[in-house]
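**Q** Let me begin by handing over the structure; questions about it come next.
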Amino acid sequence: MRDNKYFQMGLTAFAAAAAILLFYDTLFGGKAILALAAAMGPILMGAFIAYMLAPMVNFFERHLFPLQPGRERRRSAAAAVRTAGILLSWLVICFFFYLLASVLLPELYKSVLQLIDNADNYYRTISGWVIHLLETNPAVADWVAQQMASYFQDIDKWLTSGVLPQLQTVMSTVSGGVLSLLNFLKNLLVGLIVSIYLLATKERCAAYGRKLACALFSRENVRWVLRGAAKADQIFSGFVRGKLLDSIIIGILCFVCCSILKFPYTPLVSVIVGITNIIPFFGPFLGAIPSTFLILLVSPMKALYFVIFVLALQQLDGNVIGPKILGDKTGLSSLWVIIAILVGGSFFGIIGMFFGVPVCACLHCAVNFFLDAALRKKGLPEDPAAYFARPTDGENWEGPPEARHR
């Protein structure tokens with residue numbers, strides 16, 4: 001009775017807050033939701049940073065400051081150990097970024113300068129390819145001439161309508177991009193501060209989460225809620241941290257191998273391949289296409305060798321490195337991975353393509369849990385193999401063979 005009372009109170013509070021937000025959003029045309037999202041952005045960023053660094057902090061506390069079995073640290077000693085763990089974790093992160101800035105960024109800067117310096121030669125090369133294609137294919141030349149005529153008409157309309165409004169649009173876009181970058185840096189700084197506080201009080205935050213679950217749910221259901229939260233944490237932590245580590249390894253391997261094979265723009269290509277590898281399934285192709293085009297402008301034969309190398313590298317990642325790091329964290333088939341990437345990307349872009357897979361894995365796990373519970377109540381088997389048999393035309397199917405004999 002008391003649990004139902006707390007549940008009703010929590011449900012009433014949630015409904016009241018939702019009604020207030022809906023009323024405010026209706027009056028001010030969506031500004032309330034946008035303002036709430038902007039305010040929660042640094043907090044969510046800090047929570048994500050703390051979530052990623054928590055295993056490192058635990059590692060330093062467990063191995064560098066070991067605790068004797070059967071004893072507990074005093075509050076002052078525990079605070080000192082936690083401070084040391086957080087400090088060492090950030091020192092490791094700063095050292096990693098220092099290596100990245102001192103080794104990779106200068107080479108990346110040289111590659112970008114080389115690409116800009118050779119832009120004229122690349123333009124002549126591409127124009128030569130196009131001219132040769134048009135001279136050898138008159139039908140293609142006629143189609144291109146028609147398209148160019150329509151483009152010239154559009155350009156003439158654009159020029160006659162006034163260039164000044166377009167320049168104002170461009171300037172506003174550039175200034176908006178600069179402001180967005182400054183806002184992101186501000187949110188990142190606030191997020192770093194929030195992450196330190198969350199890491200320092202992560203046990204207390206977890207305790208408040210369990211307290212909230214116990215207050216909102218009954219004794220019978222709170223155990224399943226906590227088990228579901230632990231399963232979601234296992235899926236997210238395993239996939240996100242594992243995928244980031246896998247992408248770093250792939251980027252380093254690409255840099256080393258491309259340096260040995262003397263491919264052009266090695267640092268730039270390695271960064272592209274490493275970053276796009278974060279996206280499951282489609283990432284290797286998204287990174288290989290622009291990288292191959294850059295190398296193709298220098299040497300078509302080396303571009304062919306690069307394609308073969310990327311295919312071999314992705315086979316190594318998919319069959320050796322990825323399974324060793326990720327294992328079967330998601331439990332999704334290839335079809336569901338593709339669906340999760342497409343749906344997540346359509347709603348939230350690149351971030352949705354990355355986080356769509358663990359979210360889909362959590363939903364898949366929850367649906368399977370409820371399906372298995374419903375089947376157990378009906379006395380039916382939970383193994384999908386028991387449902388492979390299909391009824392013939394006109395036959396009434398009464399369930400799997402195991403259930404017919406019960």
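**Q** Does the range 61-70 include one or more residues that are at pLDDT 75 or above, open to solvent by less than 50 Å² (accessible area, probe 1.4 Å), at negative phi and not charged (D, E, K, R)?
**A** no
**Q** Give just the number: which of (1) exposed (fewer than 14 other Cβ atoms within 10 Å of the Cβ); (2) modelled with pLDDT of 80 or more does residue 333 not satisfy?
**A** (2)
**Q** Could you give me the residue pairs with C-beta distances under 6 Å whose first residue belongs to the range 38-56 and is closer than 8 Å to residue 195 by Cβ, whose second residue is open to solvent by 40 Å² or more (accessible area, probe 1.4 Å) and in a helix (DSSP H, G or I) wherever it lies, and which are 6+ apart or on separate chains?
**A** Qualifying pairs under 6 Å: 50/198.
**Q** Evaluate the following for residue 93: is it in a helix (DSSP H, G or I) and open to solvent by less than 80 Å² (accessible area, probe 1.4 Å)?
**A** For residue 93, the condition - in a helix (DSSP H, G or I) and open to solvent by less than 80 Å² (accessible area, probe 1.4 Å) - is met.
**Q** Name the single residue, out of those in the range 234-259 being in contact with a helix residue (DSSP H, G or I) (Cβ under 8 Å, 6 or more places away or on another chain) and of a type in the set (Val, Ile, Thr), that is most open to solvent (accessible area, probe 1.4 Å).
**A** 252
**Q** Can you spot a residue in the range 120-138 that is at pLDDT below 70, within 37 Å of the chain's Cα centre (by Cα), more than 30 Å from residue 258 (Cβ to Cβ) and surrounded by 10 or more Cβ atoms within 10 Å (Cβ to Cβ)?
**A** No: zero hits.
**Q** Something else about it: Report yes if residue 331 is in a helix (DSSP H, G or I) and not aliphatic (A, V, I, L, M), otherwise no.
**A** No.
**Q** Right, here's the next one. Which one of these does residue 165 not meet: (1) exposed (fewer than 13 other Cβ atoms within 10 Å of the Cβ); (2) at pLDDT 85 or above; (3) of a type outside the set (Phe, Trp, Tyr)?
**A** Answer for residue 165: the failing condition is (2).
The values are calculated or read from the model by the stated rules, or taken from the named source; none is laboratory data. The shown structure was predicted, so the numbers you read here are calculated from the model rather than taken from an experiment. Counting neighbours? That spans all protein chains shown, and the Cβs are built from the backbone with ideal geometry, glycine included. Ligands, DNA and RNA are excluded from the accessible area calculation, which covers all protein heavy atoms including side chains. Shrake-Rupley method; radii C 1.70, N 1.55, O 1.52, S 1.80 Å.
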